[in-house]
Structures are given as C-alpha cells and as structure tokens.
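Bear in mind these aren't lab numbers, they're just calculated from the coordinates by the rules spelled out. In this text, all values refer to a predicted model and were calculated from it rather than measured experimentally. Note: ideal-geometry Cβ built from the backbone for every residue, glycine included; neighbour counts use all protein chains shown.
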Amino acid sequence: DTAVSQTPKYLVTQMGNDKSIKCEQNLGHDTMYWYKQDSKKFLKIMFSYNNKELIINETVPNRFSPKSPDKAHLNLHINSLELGDSAVYFCASSQGGTGNEQYFGPGTRLTVT
Amino acid sequence: AQSVTQPDIHITVSEGASLELRCNYSYGATPYLFWYVQSPGQGLQLLLKYFSGDTLVQGIKGFEAEFKRSQSSFNLRKPSVHWSDAAEYFCAVVLTGTASKLTFGTGTRLQVTL
C-alpha cells in the first residue's frame, strides 16, 4: 500500500502552459507539504497545509497555487510555466506537531521546455 | 545566518568500510535534527531523528548519529557500509514553533565501491 502517492511521476510541458500535480496520503495525517528539489538536489519547502488550512507559504511565485480539498489530498497547480520551474516536486505528510516524521512521496519530475 | 551545512558534497567509501557524514547547524537554539536518505529516483526516507535525551541516536539500516551541542553537529555514522547504501543523504532541521518546516542541508552523495 502506497503511503504518499503523487501523479504524474513525469511531466513534460512547454513554457506558458498550466499544469497540476496531485498528491494523496493514506496515513491519516493532518499535515501535508510540497517541497521543490532543484537540479543540484537542493530541497526547499514551498507550502504546508494543516487540516486544509495553509500554515506555511514560503516565498514562492504566485503562479504556484496549492489546493487541499481534504486532509488526504494536496494538489499543486502551476500557471504560466517557466524554464526555472523544472525540478522534482515532492509531496510529504505528517501528523501535526513540531518535529514529527514527514513521509515523502516518490516525486514528480517536471520538465519545462 | 541560520543554516544547515553538509561540508562534503561527495564521499566514496569501500564496501565494508566505516562511514561518517558531517552535518553542522547554525541556529540560536537546538533544533530538532533529522537525517534522510534519497535513493536514485526515489523519495526521501527518514533514517533517524533527535529531539532530546540520549545524544547517540540509533536509526534504521544500521545507521546512528551523535548530537554534539558544543560543536553544533549531528554526524551520521555506520560501522560497515553496504553497496546498497549508495544514495544521497540529507541532514535537516525543524525549529520549534515553525510548524514542522524542514530545512535541509545541501546533501552528501555517497558512492560505495566494491
């Protein structure tokens, strides 16, 4: 049973397009996250939701819009894609409380051409 | 500036040799400390974590880490490396009161030679 799943695994698209990445967790966690890993493997948090409420919003362009329809899902929509958006995007989840283990999904590799 | 530093970008060890990966942090208070591993093409998996108490922490896959407050370090060790340990290793911290925001180091790539 997959704990944190993401779709799609690979996404190739052209500049200017709009795309979405979906994330689902079946762990019963109340907090979900989006991280971006760049080409140098550097990982940085983008957003976090707790019980469908946005609690972390790093300095991310407003072309990126997260949506959490329920506690088990956190989607990421990206408008007007740019070359610099090419990266691997990881979803993660945890049970609320500082420092609790975050479980990561397998990642979505986004390539913008 | 507040940061997590992994000084070694790339380390190569022979199978069966011991391993130590370095991690230093620069924060006013001791954060929660983590080590994650990322195998090629995979997500991240937690190896171990330190919150408080015993400064030597045991994790999965035979890994351990030692917290040294005086050195602001949290180094990861393994007595005998297996070829399957080849991966990217990330040290990470969570500051209290930051809603579990993980801040990662730049990672250390481990290569294991047979």
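A:Pro69 satisfies every condition listed in (1) part of a strand (DSSP E or B); (2) surrounded by 12 or more Cβ atoms within 10 Å (Cβ to Cβ); (3) not aliphatic (A, V, I, L, M) except (2). Scanning the stretch B:15-34 for residues that are of a type outside the set (Val, Ile, Thr), over 18 Å from B:Gln111 (Cβ atoms) and either in a loop (DSSP other than H, G, I, E, B) or under 11 Å from the mean Cα position of the chain (by Cα) (or both) turns up B:Cys23, B:Asn24, B:Tyr27, B:Gly28, B:Ala29, B:Pro31, B:Leu33, B:Phe34. One residue stands out among those in the stretch B:67-91 that are away from every other protein chain (no Cβ under 14 Å) and assigned to a strand (DSSP E or B): the one that is surrounded by the most Cβ atoms within 10 Å (Cβ to Cβ), which is B:Leu76. Residue count for the stretch B:23-52 satisfying the condition of being surrounded by fewer than 17 Cβ atoms within 10 Å (Cβ to Cβ) and touching a residue at least 60 places away in the same chain (Cβ under 8 Å): 2. Scan the stretch A:57-113 for residues that are without any contact (Cβ under 8 Å) to a residue 60 or more places away in the chain and over 18 Å from A:Ile45 (Cβ atoms) and the total you get is 6. Scanning the stretch B:92-114 for residues that are within 11 Å of chain A (Cβ to nearest Cβ), outside any loop (DSSP other than H, G, I, E, B) and either surrounded by fewer than 17 Cβ atoms within 10 Å (Cβ to Cβ) or of a type outside the set (Ser, Thr, Tyr) (or both) yields a count of 6.
Can A:Lys44 be described as basic (Lys, Arg) and within 13 Å of chain B (Cβ to nearest Cβ)? Explain how you work it out, then say what you get.
Numbers: basic (Lys, Arg): yes; within 13 Å of chain B (Cβ to nearest Cβ): yes.
The answer is yes for A:Lys44.
Selection of the stretch A:81-113 for residues being more than 14 Å from A:Ile21 (Cα to Cα), of a type in the set (D, E, K, R) and either touching a helix residue (DSSP H, G or I) at 6+ places or on another chain (Cβ under 6 Å) or within 14 Å of chain B (Cβ to nearest Cβ) (or both) yields only A:Glu101. Would you confirm, using the coordinates I've provided, whether B:Leu48 is of a type outside the set (Gly, Ala, Ser), part of a strand (DSSP E or B) and within 14 Å of chain A (Cβ to nearest Cβ)? Yes, satisfied. Annotation: B:Lys61 fulfils all but one of (1) in a strand (DSSP E or B); (2) away from chain A (no Cβ under 13 Å); the unmet one is (1).
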